[in-house]
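Notes follow once the structure below has been shown.
Each reported figure results from applying straightforward, stated rules to the coordinates on display, with no laboratory input. None of these values were measured; they are calculated from a predicted model. Note that each Cβ is placed from the backbone with ideal geometry, even for glycine, and that neighbours are counted across all protein chains shown.
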Amino acid sequence: MSRIVGEDHRRKEVVMGLEIDGRFKAYPLKELKNGAHSFDDEFSGKKFVVKFDEKNRTAQIVQADGSEIPTTMAFWFAWYAFHPATDIYEAQ
């Protein structure tokens, strides 16, 4: 699930940021921890798998063929400063 957000997230929360075709989505590690640690997602017409390793606090996004999609790890305040219209993942 995605939504557009403002400054309501903790400023120093770590997010994994994704850019596809000029659109942006943030995956807060806190949300990844609270949800499934591996799940299918779709954004900007692309399908992929999001994986979270709670022990190492790392995350990655991979395509169906197993190749990794480049992401950026950042504090929420930094990600939001450059991408204020970002979508954001929320665990269900």
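Evaluating 6.51 cos²θ - 1.76 cosθ + 1.60 at θ = phi - 60° for every residue in region 69-82, the Karplus couplings come out as 8, x, 9, 10, 8, 7, 6, 3, 4, 6, 4, 5, 4, 8 Hz, glycine and proline recorded as x.
Take each peptide in 63-70, 21-28, 45-52, 34-41, count the other Cβ atoms within 10 Å of every residue, and average; sorted highest first, the result is 21-28, 45-52, 34-41, 63-70. For region 13-89, the Cα-based Rg and Dmax, in that order, read 11.7, 33 Å. Rounded to whole numbers, the Karplus 3J(HN,Hα) couplings from phi for region 49-65 are 10, 9, 10, 10, 10, 5, 4, 9, 6, 10, 9, 8, 10, 10, 7, 4, 7 Hz, using 6.51 cos²θ - 1.76 cosθ + 1.60 with θ = phi - 60°, and x at Gly and Pro.
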